[in-house]
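A.B. asks: Take this structure, written in structure tokens, and hold onto it; I'll ask about it next.
No value in this document is a laboratory result; all are computed from the given coordinates. Being a predicted model, the structure only gives us computed values, none of them experimental. Cβ placement follows ideal geometry from the backbone for every residue including glycine, while neighbour counts extend to all protein chains displayed.
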Amino acid sequence: MDQPVSSTVQLRSRGVLTIPKALRDRYNLNEGDALHLADVDGTFVLMPLQPVVPSLAQEIERLREEAGLTNFWNA
């Protein structure tokens, strides 16, 4: 497991927080990525959301190829 990263962040106007670059790099976070914020008795936990649609599309494509179905758009 990687070493923990600790930083102090400041709440800006409209509630904006900047996630430190070291954490954005570690977790491959980019502008527009969705995060989930949980309040656990006053402790905030921020978690990256894993996009479901790309993984579902990938699984559908795998099953389609496994079944020998042709690509509708290239048929």
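A.B. asks: Every residue in region 10-59 that is loosely packed, with under 10 Cβ neighbours inside 10 Å and among the β-branched types (Val, Ile, Thr), please.
C.D. replies: Listed by number, the residues that qualify are 16, 40, 43, 45, 52, 53.
A.B. asks: I've got another one for you. For the condition touching a Phe, Trp or Tyr at 6+ places or on another chain (Cβ under 8 Å), touching a residue at least 12 places away in the same chain (Cβ under 8 Å) and not aromatic (Phe, Trp, Tyr), what is the one hit in 20, 48?
C.D. replies: Selected residue: 48, the only one of 20, 48 that is touching a Phe, Trp or Tyr at 6+ places or on another chain (Cβ under 8 Å), touching a residue at least 12 places away in the same chain (Cβ under 8 Å) and not aromatic (Phe, Trp, Tyr).
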